[in-house]
Amino acid sequence: MTAAPFILCAWWCASAVLGAAPPPPGRVAVDAAGGMNVLVPTVGAGVNLGLPGGHGAGVRWDTHAGLAHVFTASARVRVAEGWAVGVDGAFGLFVSEELFGVELARSPFAHGFMIEPVVAHTRGRVALVAGTTVRLTNPGWQSIKLAVTVDLGPVFLRAQALVPLEEDTRVLGYLPMVVVGKTFGL
Amino acid sequence: MSASAALAGAFTLHLLGGFAVSDVVPALPPAPLLTGEVQVGYGLSDAFELRARYATHVGLHHRLGLDLRAAFGTGAWTVGARLEPSVRVGGTPEDVAGDVSTQAALLLGWRDGPTAVTAEAGVTVQWLLWDPAGVDDEPYFAFIDAAAQVEHALPSGTVLLGRLELAVPRAPDDPFAVLGVHPRVLVGAAWRL
């Protein structure tokens, strides 16, 4: 496989990051995480606020090798014990127009506004989040995602599989992202 | 759980993840690629184990195999062998590539209490290769394989694993090799189901 599809695949993951269930009302949870997104290093940080009635809201920033940046606002509501649903709105941009011959500015990935409905389930130390990303800029149904987060005590480990849906970038499989992070309660 | 086979009638689950280092983007230094695998083993007897194995590189290339293992020995030392026929497929719907291969290896294990070390040496033969350009059904002695695995059993029964694999391609012009090898580092855990 040539380099270009790999790089394009990497940018695909630079869409809104799957969040978690809302924290308790009045509590603020700050998280920071870093790892690998397909081929490139990725880091991100977010703040989530617990609101009355099982609601929650948050903002986060993620970058992939410093070349793609995604800013996300999220809303969550707890619908049952251990279950939450929500929606993320995100905006992604590139700081470079081209990388190794791949025209990033024309890439459908992390390019413009996106919206992502999610459902989250928590059981013990394991949280599962599933979502799908719809791109509003140059509209298209971009991808579906499944993320598993495991609470390892001092840190959490999150693995995400993203399945591209658009014809131009479809692959036989999924695109992985693995991060290790820490959550601080304020 | 590597050089030694699983107990007869027992199922085991192995989950491993890590990096395979590859010169996938020639304009950049060799890049670490996410890799991982899942193995489900079943002890056919006290000496033989059959494992179903799924391994992936960056979620784009997938290998499914059946790994038959044998292990013999008493005390600290164990000798064994494994034979794994497998199929690899990956790429994009318009650019499918893959192979049918068999890996055969000899294993030497040493155990001291909860900790075990296993060294592995073997070869991989590709029986069939396919890509958009066509199918090559000429058998090819593709890799010389070496691996080392360290295991540590926790009191809970969980076994922590660390594994280093080095596959030496026999093709002199392998574009993805790093210093002439395909290195792969994995960490993970195993549980009895």
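Figures for the structure shown
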| read-out | value |
| --- | --- |
| In segment A:86-140, the residues that are modelled with pLDDT under 90, closer than 21 Å to residue A:167 by Cβ and part of a strand (DSSP E or B) | A:92, A:102, A:103, A:112, A:135, A:140 |
| Segment A:158-168, residues that are of a type in the set (D, E, K, R) and at the interface with another protein chain (Cβ under 9 Å from one of its Cβ atoms) | A:167 |
| Test: residue in segment A:39-62 that is out of contact with any strand residue (DSSP E or B) (no Cβ under 8 Å at 6 or more places or on another chain), modelled with pLDDT of 80 or more and more than 14 Å from chain B (Cβ to nearest Cβ) | yes |
| Test: residue B:105 is of a type outside the set (Lys, Arg), under 16 Å from the mean Cα position of the chain (by Cα) and surrounded by 14 or more Cβ atoms within 10 Å (Cβ to Cβ) | yes |
| Positions within segment B:152-181 being within 15 Å of the chain's Cα centre (by Cα) and over 30 Å from residue B:28 (Cα atoms), in sequence order | B:161 |
| Hey, residue A:171 part of a strand (DSSP E or B), within 14 Å of chain B (Cβ to nearest Cβ) and β-branched (Val, Ile, Thr) or not | no |
| Pick from segment B:49-67, criterion of a type in the set (A, V, I, L, M, F, W, C) and surrounded by fewer than 17 Cβ atoms within 10 Å (Cβ to Cβ), ranking: farthest from the other protein chains (Cβ to nearest Cβ) | B:50 |
| Candidate set from segment B:24-46 (those that are under 16 Å from the mean Cα position of the chain (by Cα) and more than 18 Å from residue A:173 (Cα to Cα)); member that is farthest from the other protein chains (Cβ to nearest Cβ) | B:41 |
| Subset of segment B:29-55 [in contact with a Phe, Trp or Tyr (Cβ under 8 Å, 6 or more places away or on another chain) and within 21 Å of residue B:175 (Cβ to Cβ)] | B:32, B:33, B:34, B:35 |
| Residue, nearest to residue A:116 (Cα to Cα), within segment A:144-157, restricted to residues that are surrounded by fewer than 22 Cβ atoms within 10 Å (Cβ to Cβ) and more than 12 Å from chain B (Cβ to nearest Cβ) | A:144 |
| Residue within segment A:136-143 that is farther than 24 Å from residue B:93 by Cβ and surrounded by 16 or more Cβ atoms within 10 Å (Cβ to Cβ) present | no |
| Filtered residues of segment B:68-111 (kept if within 14 Å of another protein chain (Cβ to nearest Cβ) and over 15 Å from residue B:124 (Cα atoms)) | B:89, B:90, B:91, B:92, B:93, B:94, B:95, B:96, B:97 |
| Pair list, Cβ under 8 Å, 6 or more apart: segment A:166-177 residue within 23 Å of residue A:138 (Cβ to Cβ), other residue surrounded by 17 or more Cβ atoms within 10 Å (Cβ to Cβ) and aromatic (Phe, Trp, Tyr) | A:169/A:12; A:169/A:109; A:175/A:12 |
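Here's the yes/no breakdown for (1) outside any strand (DSSP E or B); (2) over 22 Å from residue B:113 (Cα atoms):
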residue: B:127; (1), (2): no, yes
residue: B:143; (1), (2): no, yes
residue: B:155; (1), (2): yes, no
residue: B:162; (1), (2): no, no
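The values are calculated or read from the model by the stated rules, or taken from the named source; none is laboratory data. What you see is a predicted model, and the numbers here were worked out from it, not measured in a lab. Virtual Cβ from ideal backbone geometry, glycine too; neighbours counted across all protein chains shown.
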